[in-house]
1. Kindly indicate whether residue 471 is surrounded by 15 or more Cβ atoms within 10 Å (Cβ to Cβ), of a type in the set (S, T, N, Q), in contact (Cβ under 8 Å) with a residue 40 or more places away in the chain and closer than 15 Å to residue 330 by Cα.
2. Within the range 57-134, which strands (runs of 3 or more DSSP E) (wholly inside it) include 3 or more residues that are in contact with a Ser or Thr (Cβ under 7 Å, 6 or more places away or on another chain)?
3. Of the conditions (1) of a type in the set (Lys, Arg); (2) closer than 28 Å to residue 95 by Cβ; (3) in the same structural domain as residue 69 (by TED's automatic domain parsing); (4) in contact with an Asp or Glu (Cβ under 7 Å, 6 or more places away or on another chain), residue 513 fails just one. Which one is it?
4. What residue, of 485, 493, 424, 440, is within 22 Å of the chain's Cα centre (by Cα) and charged (D, E, K, R)?
5. Out of curiosity, is residue 226 closer than 29 Å to residue 330 by Cα and part of a loop (DSSP other than H, G, I, E, B)?
6. Looking at (1) without any contact (Cβ under 8 Å) to a residue 12 or more places away in the chain; (2) of a type outside the set (A, V, I, L, M); (3) buried (at least 21 other Cβ atoms within 10 Å of the Cβ), find the lone condition where residue 84 falls short.
7. Quick one: in the range 207-239, which of the residues that are hydroxyl-bearing (Ser, Thr, Tyr) and surrounded by fewer than 20 Cβ atoms within 10 Å (Cβ to Cβ) is farthest from residue 34 (Cα to Cα)?
8. Do we have any residue at all in the range 169-183 that's without any contact (Cβ under 8 Å) to a residue 40 or more places away in the chain and of a type in the set (A, V, I, L, M, F, W, C)?
Amino acid sequence: MVALSSVGTRTGLLLAGLLAMFVGLAEPALAQKRGGTLRLFHRENPASPSILEESSTTATVPFMPIYSNLVTFDPSAAQNSEQSLRPDLAESWSWNDDRTELTFKLRRGVRWHDGWAFTAGDVECTFNLLTGRARDRLRSNPRAAWFGNINYVHSRSDHEVTLHLNHPQPSLLLLLASGLTPIYPCHVPVAQMRIRPVGTGPFKLESFKQFDAVKLARNPDYYRPDRPLLDRIEYRIVAGSALLSFVAGGFDMTFPFDVSTNQLRDVRRQSPRAMCETTPMNSSIHLLLNRDTPPFDKAEIRRALTLAIDRKAMVAAINDGEADVGGILQPPPDGLWGLPPDRLATLPGFGPDIDKSRAEARELLAKAGFGPDKPLKIRLTTRALAAWRTPASLLADQLREVNIEAELDIVEGLQWTQRIERRDYVVAVDSTANAVDDPDQALFENYACRSERNLGRYCNGEIERLFERQSAEADPARRREMVWDIDSRLLADVARPPLAWTRRATCWQPHVKGFVPPVNSMYNAFRFEDVWLDR
């Protein structure tokens, strides 16, 4: 059996929800089984197990089962939202009257994997790390921009802790639920967390052998006594032949979101019983522009670039159409905050008349001295992965239509991050996934002037002040209008021009039960505590 091939429509979401309900009702009748090892392949070697210091799913997915959060998302709900929040290390939470204090009542009897008791002090230590107030320091702090509104954290007892905010922030619980926001232990140095992490999650780290495997073992002292159902999880780091091994039964599951449309056809043909779902994952292919390097230090050249892009053609060609046109935030219906199509179509480079847009682009370039006899020559940098190279090649072809000649500069993965951080590019095709479907995460992380994750170093103080205003807005309808205005401004300013919002597939064998692929994050559903094997 093959599950939904796409969850790209409201109907798809409804069906996915009904399917999840059916599974939830049916599985007790199937008598959930305890034990067994879930075997997955992994596409590359993780940098470290220290999730607070990592951003790639390469690291966060295999190590997520080690950790717990204050709150988390229900893994049986495909769409992460406020409605799918559930308690984790916190039993309950409450706001004060002006919503500047968020107080958590913490679970009693929770222990770290090394036997130490979990207390409110661990929550304080974690947020001191995230806000840069701790003596111990994170080597990298990619989530610092998320929590700039936290003034301080205070524990009234071992089982109660309060986050004091500078202003109200309705999104805070969603940020805390992300798989990228686990609670760290006070008594374990960060340096050890990079090698042998200690958590309170459903699984313990058994071993991490570089370029070979990550092995996790069931935590017998997990606070949910009936979970996890599995005994072990194993990620085997395999290059090239991993999908063939899955088809042959060598793995129970693929690495999440790792199967392209072409590969999915092969899986369906060779293993028709495999369960596969193609879902969005709040991830976009976009451009990074070095605005300090001529000619992209000029607004008219940046505008010409975005006007030249035929995004509908781009979407049709990428992954056999398994992609969407969208703005700065994930497009609806899978994304909860993205610009509606009618508003998006009014912005430069997103209109229905591509010929008209390209005519304007050629005119802007001509005024800058570029034309058929003197094209603008640029270096187009991208990563040596098909998901990056394909759109980069398509873009190079499209830019020729407006007299821009782009020479592809293919960079291997180990050098990619260094090149981007050094800003050793003119125009780069990049891919970024948002961990939480909320404007605060996407805006502050990707566009705030001082954010470590603002890879393009875009900085606009006027627009950034609007980030703060929308963040504090309590009325969802008013906040949505404010967010749409910000999205429109960033697109018009060619801050980080999106090419497409992508979808990829995850496959698992029919004996794997209880897994529901998310549709608006690739970071929040991989603890596997509710997954079981029906062998």
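The values are calculated or read from the model by the stated rules, or taken from the named source; none is laboratory data. Quantities reported herein were computed from a predicted structural model and do not represent experimental measurements. Note: ideal-geometry Cβ built from the backbone for every residue, glycine included; neighbour counts use all protein chains shown.
1. On the way: surrounded by 15 or more Cβ atoms within 10 Å (Cβ to Cβ): yes; of a type in the set (S, T, N, Q): yes; in contact (Cβ under 8 Å) with a residue 40 or more places away in the chain: yes; closer than 15 Å to residue 330 by Cα: no.
No.
2. Details: elements: 71-73, 85-87, 90-95, 101-106.
Answer list for the range 57-134: 101-106.
3. Against the list (1) of a type in the set (Lys, Arg); (2) closer than 28 Å to residue 95 by Cβ; (3) in the same structural domain as residue 69 (by TED's automatic domain parsing); (4) in contact with an Asp or Glu (Cβ under 7 Å, 6 or more places away or on another chain), residue 513 comes up short only on (2).
4. On the way: 485 fails: within 22 Å of the chain's Cα centre (by Cα); 493 fails: within 22 Å of the chain's Cα centre (by Cα); 424 fails: within 22 Å of the chain's Cα centre (by Cα).
The match here is 440.
5. On the way: closer than 29 Å to residue 330 by Cα: no; part of a loop (DSSP other than H, G, I, E, B): yes.
For residue 226, the condition - closer than 29 Å to residue 330 by Cα and part of a loop (DSSP other than H, G, I, E, B) - is not met.
6. Unmet for residue 84, out of (1) without any contact (Cβ under 8 Å) to a residue 12 or more places away in the chain; (2) of a type outside the set (A, V, I, L, M); (3) buried (at least 21 other Cβ atoms within 10 Å of the Cβ): (3).
7. Taking the range 207-239 as the starting set, the residues that turn out to be hydroxyl-bearing (Ser, Thr, Tyr) are 207, 222-223, 235.
Next, from what is left, pick out any that are surrounded by fewer than 20 Cβ atoms within 10 Å (Cβ to Cβ): 207, 223.
Values: 207: 22, 223: 17 Å.
Checking each candidate, the answer is 207.
8. Taking the range 169-183 as the starting set, the residues that turn out to be without any contact (Cβ under 8 Å) to a residue 40 or more places away in the chain are none.
Checked the range 169-183: no residue is without any contact (Cβ under 8 Å) to a residue 40 or more places away in the chain and of a type in the set (A, V, I, L, M, F, W, C).
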